[in-house]
Amino acid sequence: MYINITDKKEAENKGSSGKLVHYLEKENRTENRNEPENWFNGQRQDVEAYEVRRAIDGNRAKLGRNEAKFFLINISPSQKELAHLEKLYGQQGMKEHLKRFTEKVMDGYARNFKREKINGNRDLLWFAKVEDHRYYSHRDAEVKQGLKERGNKKEGMQYHIQVIVSRKDITGRFKLSPMNTSKGRNVEHSKKMGQFDRVAFKQSGETFFDREFGFDRGLKDTLAYANVQKNGNLGQRQQMDLLIEADREAGRGGTFLNELAEGVSRGDYDPSIDITDQVAKAMGGLLTDFLDLATPEIDIVPDQEPRRKKKKKDDDRGIRR
């Protein structure tokens, strides 16, 4: 599951949302559909493009000229996740479930601010659209290698959701910025400026998808694993390797192991503390050979006195060190 909040430099979000709304209407212009794909939110499924632009642009009171007016959130299930949804609900039914999933993602977005009266998606002003296709860009390896041309459609199922959410809540009273890097550790600062933990927000979407749709996610497909590989310290990477080995060896860790991996990603476990006992609980008991992974063997030679290091002379004057 890839969930990303687009950087303001790419979204051009300091002015009107009209240009972005027009861009996100591209499939309605190019796919020759019998009926257009409408926008939706937590209240309606038939919102038209002009309503989106008018609502977002009309909710910007007391925002400075150089302040962001809205943000773009991309929700992109993986090929495995989409195949799982198709198996459960069919091609048409999966779209409707993706819309309901988007509402839950936006619930997580709202709660992540930890602001009074901002408790769910209905406290936000947002609109979303399901897109059917993705297109190759100059950044894709296939284009760089000359295998595909820029603008070609990507193969396979490519359903994803684009969400435009206003900088201000639905009442227009509160500024809500997911670009605020505070995570609540400085209480006074968070009260004044707000807070948002982007990793926690992305994790909430992945966790909800797995629980809502019964998706069995391997540890290597989790956000926690990717985050530790990219940003983790040596201790966190070692702990993650232990969890991956547990998942591979016994194959029955499931959700519990994934939750441990999330804890490692958040830094909940001190790298100096062995988490083998917690892994053992997750697995319902591990084999002895697995436990050896956390405790390397040490060859001990009995009745052997340790060698004494010879003292080296520092120079010809006989000074020892």
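The values are calculated or read from the model by the stated rules, or taken from the named source; none is laboratory data. Predicted model, so just to flag it, every value in this text is computed and none were measured. Cβ sites come from the backbone with ideal geometry, for glycine too, and all protein chains shown count toward neighbours.
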(message) For a quick check of your reading: which helices (runs of 4 or more DSSP H) sit entirely within segment 1-54 and have at least 1 residues that are among the aromatic types (Phe, Trp, Tyr), within 26 Å of the chain's Cα centre (by Cα) and closer than 27 Å to Gln92 by Cβ?
(response) 18-24
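Here's the yes/no breakdown for (1) loosely packed, with under 14 Cβ neighbours inside 10 Å; (2) within 30 Å of Gly172 (Cα to Cα):
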site: Arg54; (1), (2): no, yes
site: Asn59; (1), (2): no, yes
site: Lys62; (1), (2): yes, yes
site: Arg65; (1), (2): yes, yes
site: Phe70; (1), (2): no, yes
site: Ile73; (1), (2): no, yes
site: Lys87; (1), (2): yes, no
site: Gln92; (1), (2): yes, no
(message) Cβ-Cβ under 7 Å, sequence separation 6+ or interchain: first residue in segment 205-221 and within 14 Å of His84 (Cβ to Cβ), partner part of a helix (DSSP H, G or I) and among the aliphatic types (A, V, I, L, M). Which pairs?
(response) Glu206/Leu223; Phe213/Leu85; Phe213/Leu88
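So that you can scan it fast, the table gives a plain yes or no per residue for (1) buried (at least 18 other Cβ atoms within 10 Å of the Cβ); (2) farther than 16 Å from Val52 by Cα; (3) touching a residue at least 24 places away in the same chain (Cβ under 8 Å):
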{"position": "Lys114", "(1), (2), (3)": "no, yes, yes"}
{"position": "Asn119", "(1), (2), (3)": "no, yes, no"}
{"position": "Leu124", "(1), (2), (3)": "yes, no, yes"}
{"position": "Gln145", "(1), (2), (3)": "no, yes, no"}
{"position": "Asn152", "(1), (2), (3)": "no, yes, no"}
{"position": "Lys168", "(1), (2), (3)": "yes, no, yes"}
{"position": "Phe174", "(1), (2), (3)": "no, yes, yes"}
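Take segment 70-117 and flag every residue that is assigned to a loop (DSSP other than H, G, I, E, B) and either over 18 Å from the mean Cα position of the chain (by Cα) or within 15 Å of Asp132 (Cβ to Cβ) (or both).
In the first step, residues of segment 70-117 are kept if they are assigned to a loop (DSSP other than H, G, I, E, B); the result is 77-78, 113-117.
Selection gives Pro77, Lys114, Arg115, Glu116, Lys117.
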(request) Name, by its number, the condition in (1) among the charged types (D, E, K, R); (2) part of a loop (DSSP other than H, G, I, E, B); (3) at pLDDT 90 or above that does not hold for Arg139. (result) (3)
(message) So in segment 1-14, with the set limited to residues that are surrounded by 12 or more Cβ atoms within 10 Å (Cβ to Cβ) and out of contact with any strand residue (DSSP E or B) (no Cβ under 9 Å at 6 or more places or on another chain), which one is modelled with the highest pLDDT?
(response) Lys14
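Yes/no per residue for (1) crowded, with 16+ Cβ neighbours inside 10 Å; (2) outside the structural domain of Lys129 (by TED's automatic domain parsing); (3) at pLDDT 90 or above:
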site	(1), (2), (3)
Lys148	yes, no, yes
Glu155	no, no, yes
Gln162	yes, no, yes
Phe208	yes, yes, yes
Ala226	no, yes, no
